[in-house]
1. Can you tell me the length gained on complete extension of the stretch residue 92 to residue 52, counting 0.36 nm per residue apart and subtracting the Cα distance?
2. What nm value, rounded to one decimal, do you get for the distance between residue 39 and residue 23 when each label is placed 7 Å out toward the C-beta?
């Protein structure tokens with residue numbers, strides 16, 4: 001019985017550690033995307049979700065959302081980030097379907 005309980009607790013602990021970045025990092029990533037789009041398009045970017053591609057090339061993600069003036073057009077902003085160095089840099093954006 002004790003082994004089963006310990007196994008369940010261990011599995012829950014492992015699974016809770018997986019599945020995305022922490023909230024502080026996500027907020028910094030969103031803020032960088034908003035700032036970048038304000039500079040590029042002079043409009044407010046409304047982030048809806050963050051997509052983390054499975055890659056070994058480094059830490060980057062896509063912030064998906066839309067501009068406040070055009071909610072029908074979906075925009076994806078690419079953000080490179082490094083949590084250890086507290087570095088967040090948006091470098092491109094595009095329209096997606």
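Where a number appears in this text, it was derived from the coordinates with a stated rule and is not lab data. This is a predicted model, so every value here is computed, not measured. Neighbour counts are summed over all protein chains in view; Cβ atoms, including those assigned to glycine, are modelled from backbone coordinates with ideal geometry.
1. Full extension of this stretch gives 12.8 nm more.
2. 2.8 nm
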